[in-house]
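What follows is one structure encoded as structure tokens, with my remarks underneath.
Each reported figure results from applying straightforward, stated rules to the coordinates on display, with no laboratory input. Bear in mind that the values here come from a model prediction, so they are computed numbers and not experimental data. Cβ: placed from backbone, ideal geometry, glycine included. Neighbour counts: every protein chain shown.
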Amino acid sequence: MNELIPKWQRELEIFRRIKPVLILEGNVLDIYRLSGGGEAVRLGPWLQDYLSRRGYHNILFYDNRNGFDNPWDAEAKRGFARALGMSENQLLQYGDFRGRGGAAALIRRAMAQEREPAAVVLEFASRYIVSPERMEQGDAESFTTLLQASLESRDVATGVDRLKNMMILIVNKVNDLPPWFYLQNPNVKSIAVEPPGREERAALVTGPELRRFFTPGAWERDREYLEEHPGELEKIADRFTGLTEGLSLTELLSLRNLCVNEGLAPRDLCRVVDLYKYGIRENPWDRLDESRLRAAEEAFRRRVKGQDYAVGRTLDVVKRAATGLGNLQSSSQTKPKGILFFAGPTGTGKTETAKTLAEALFGDEDCCIRFDMSEYRQSHSDQRLLGAPPGYVGYEAGGQLTNAVRKHPFSILLFDEIEKAHPSILDKFLQILEDGRMTDGQGNTVYFTETVIIFTSNLGFIGEGEGGRRQALADPEMDYDTLRRVIRRNIEDYFKLELGRPELLNRMGENIIVFDYIRPPAAAQILDNLLTKIRDRAARDKGVALTISPELREQLLAAALGNLENGGRGVGNIVESMFIDPLSRCFFDEGAAAGDSLHCLYLEQTGGVWTLRGELKRGT
């Protein structure tokens, strides 16, 4: 494998020459290849190799449990003690981190001496103190001593070069340390250790390295196909490189072992990612063929009335995802399968569309996981959604969103009334929409790659008019094309001008879908659907054959058309109050039983109460 130098290693090479204190944060628990593309080792032995190649021979590693040591160089402690003018036994007495006379005092002496260049690596430095905000006196004194050491550091001549006495702190994140130690300290540089970049990941599946993912038998199974399709292997490797974005080298090598253990062939290489992330062999998206999409379209037309444009656009996004053409504008292969923004007045079918989509894609509308964003109005509500950080109440429980996606990685995520969430929570969606992953409060990475994310909103229909009064910005008298333009413009103004988040709008692109008002023809269809469900329910649950006269239907339709401001939900409310309640009363009072038939003739209203008039025939 050709040697690829990651960005953090290039930064390390630059800043070790000018900064005596380096803080390595981020992906510090991974493994890293030694110089020249050698074996992969932990950060400790990697730093030992790196520093020794640059002329450091007195290198000590410290942690607050084991004190000073160097398992990779038996002479290091002796040379370090010699540079400080003390014996090796004296050096080992500085094991305790806390207090003025502890390990920090020894490090300060090492940084200030000019006999021989010395380097100290403080491993697991995130665990030296409980919290930077609640430090005990001994902890504060130790970090004050390290601060003094950073300011007193000297360069040491080696005959061919001058090397800085160095202190390297390894932390999970830099704010695990007291901020006064590193902020505005000109001698400190923080370097983010990131997971392998695209070139590094690509190198794992290029040339001879690719063969290591497969047993000889598995490779042979696809050999003939790959010879007939010379560009196919490159496409597979490129997709694998994209899907593994954010994974550590440890995880990438685990993928290689998993691929070998499962006996996967080259054409199945990308399936190992699903197996590793989700524990599944078959991805539901792979089963989404033409016949299933056609059945999905029929289900939409049956369940969602009067929204032909919205249904068509939704299916376009799904087809894009199913054909793998959904993320052509992005180099990321880990973005969600689809991103939709449903705008429309209440009761127009936004939630019903999301549920129908979940059933069509994953076979169960319960795979539509709904989050009511009005519950996340406060700035700290992101802790409920993504999980509280360590030390805070609810840390063990995790986040509602991250837990749901971890349990159901193949799902529709429905964020209802997104405009009601606190703006800081909207910022969290930027990473999800772009990278398809999020790290929860417990440090676990959750992947959104296989989800469809749907935001719903009533934005653009109601706004602020003269005098600060709320007024309608759109009305049912508008034709649909005009309505769509008005609502789209109002939504753009909200994100760009009022919210100041144009980047969030850009992530949604052209996937803002405006639902039309429920107009009279659609209301009639919704009514007929509801009446059919009532007849079916009566036959199934009660065994009663129910018929409905044209006169009664016209009564219900007239009432429904007078309540269209509440959309399809308003039609349902009319049917419930005018028909279902009187029908239930009739069943109860008349003792309707299995085998009976009821012909519903018309409705009467007396004192605000509706009564059903009909003919009940007893079964024989």
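Between Leu169 and Leu22, Ile23, Leu24, Leu122, the built amide H atoms are under 5 Å apart, and every one of these is 5 or more places off in sequence or on another chain. For the range 119-130, putting each phi into the Karplus relation 6.51 cos²θ - 1.76 cosθ + 1.60 with θ = phi - 60° gives couplings of 9, 10, 10, 8, 7, 6, 5, 5, 9, 6, 10, 5 Hz, in residue order, rounded to whole numbers and with x for Gly and Pro.
How do Cys368, Cys270 line up, fewest other C-beta atoms within 10 Å first? Write down the numbers at each step before the final one.
Numbers: Cys368 24, Cys270 18.
Listing Cys368, Cys270 from fewest to most nearby Cβ atoms yields Cys270, Cys368.
I'd like the chymotrypsin sites (Phe, Trp or Tyr not before Pro) in the range 345-445 restricted to DSSP loop residues with at most 11 other Cβ atoms within 10 Å, sorted by number. Don't skip to the answer; put the middle values down first.
Numbers: sites: Phe362, Phe371, Tyr376, Tyr392, Tyr395, Phe410, Phe415, Phe429; in loops: Tyr376, Tyr392, Tyr395, Phe410.
Passing both the DSSP loop test and the Cβ count: Tyr392.
For the range 272-322 and the range 144-204, compute the distance between their C-alpha centroids and round to whole Å. Between the Cα centre of the range 272-322 and that of the range 144-204, the gap is 49 Å.
Karplus-derived 3J(HN,Hα) values for the range 294-309, using 6.51 cos²θ - 1.76 cosθ + 1.60 with θ = phi - 60°, are 5, 5, 5, 5, 5, 5, 4, 5, 6, 9, 10, 9, x, 10, 4, 5 Hz; glycine and proline are entered as x.
When the alpha-carbon atoms of the range 117-211 are used, the pair Rg, Dmax equals 18.3, 57 angstrom.
Have a look at the DSSP beta bridges in the range 290-514 and tell me what percent are antiparallel, nearest 5.
Working: 6 of 24 bridges.
Given both bridge residues lie in the range 290-514, the antiparallel proportion sits at roughly 25 percent.
The mean sequence separation of alpha-carbon pairs under 8 Å and at least six residues apart, normalised by the residue count of the range 73-178, gives a relative contact order of 32 percent.
Say the cut-off is 31 Å between C-alpha atoms; which of Lys7/Lys335; Lys19/Lys77; Lys189/Lys428; Lys19/Lys277; Lys173/Lys319; Lys77/Lys189 go over it?
Numbers: Lys7/Lys335 23 Å; Lys19/Lys77 24 Å; Lys189/Lys428 27 Å; Lys19/Lys277 39 Å; Lys173/Lys319 41 Å; Lys77/Lys189 26 Å.
From Lys7/Lys335; Lys19/Lys77; Lys189/Lys428; Lys19/Lys277; Lys173/Lys319; Lys77/Lys189, over 31 Å: Lys19/Lys277; Lys173/Lys319.
Using alpha carbons only, what's the Rg to Rh ratio of the range 290-514 with Rh from Kirkwood?
Ratio of gyration radius to Kirkwood radius: 0.97.
When Rg and the Kirkwood radius Rh are both evaluated on Cα atoms of the range 223-327, their ratio Rg/Rh stands at 1.09. Computed on the chain, with alpha-carbon pairs under 8 angstrom and 6+ residues apart, the relative contact order is 10 percent.
Run the numbers for Arg212 and Leu430: contour at 0.36 nm per residue of separation, minus the present Cα-Cα distance, in nm.
Numbers: separation 218, 0.36 × 218 = 78.48 nm, distance 3.63 nm.
Difference between extended and current length: 74.9 nm.
Computing FRET efficiency as 1/(1 + (r/R0)^6) for Gln605 and Arg303, where r is the C-beta to C-beta distance and R0 is 25 Å, gives about 0.20.
In whole percents, the pair-distance distribution calculated for the chain from its alpha-carbon pairs, binned every 20 Å from zero, is 16, 35, 29, 14, 5, 0.
The modelled label-to-label distance for the pair Arg239/Trp180, using points 7 Å beyond Cα in the direction of Cβ, is 5.6 nm. From most to least packed by mean Cβ count within 10 Å, the peptides 57-68, 133-144 give 57-68, 133-144.
Each of Met508, Met478 was scored by other Cβ atoms within 10 Å of its Cβ. Arranged with the fewest first, they read Met478, Met508. Less than 5 angstrom separates the built amide H of Val514 from those of Ala343, all sequence-distant by 5 or more or on a different chain.
Counting beta carbons within 10 Å around each of Ser254, Ser190, Ser379 and listing the fewest first gives the order Ser379, Ser254, Ser190. Restricted to Cα atoms, the range 443-594 shows a radius of gyration and a Dmax of 21.8, 63 angstrom. The alpha carbons of the range 520-617 stretch over 39, 30, 20 Å along the principal axes, in descending order.
For the chain, the mean residue ellipticity at 222 nm estimated from helices alone is -12500 deg cm²/dmol, where every DSSP H run of n ≥ 4 contributes -39500 (n - 2.57) and the total is divided by all residues, rounded to the nearest 500. Less than 5 angstrom separates the built amide H of Ile462 from those of Leu473, all sequence-distant by 5 or more or on a different chain.
Rounded to the nearest whole Hz, the Karplus-based 3J(HN,Hα) values (6.51 cos²θ - 1.76 cosθ + 1.60, θ = phi - 60°) of the range 66-83 follow the sequence 10, x, 8, 6, 8, x, 9, 8, 5, 8, 5, 5, 5, x, 5, 4, 4, 5, with x at glycine and proline. Output needed: percent of Cα pairs per 5 Å distance bin for the range 7-193, bins running from 0 to the one holding the longest distance. Bins of 5 Å from zero give 1, 8, 17, 23, 22, 16, 9, 2, 0, 0 percent of pairs. Coordinate range of the alpha-carbon atoms in the range 198-281 per principal axis, descending: 33, 25, 19 Å.
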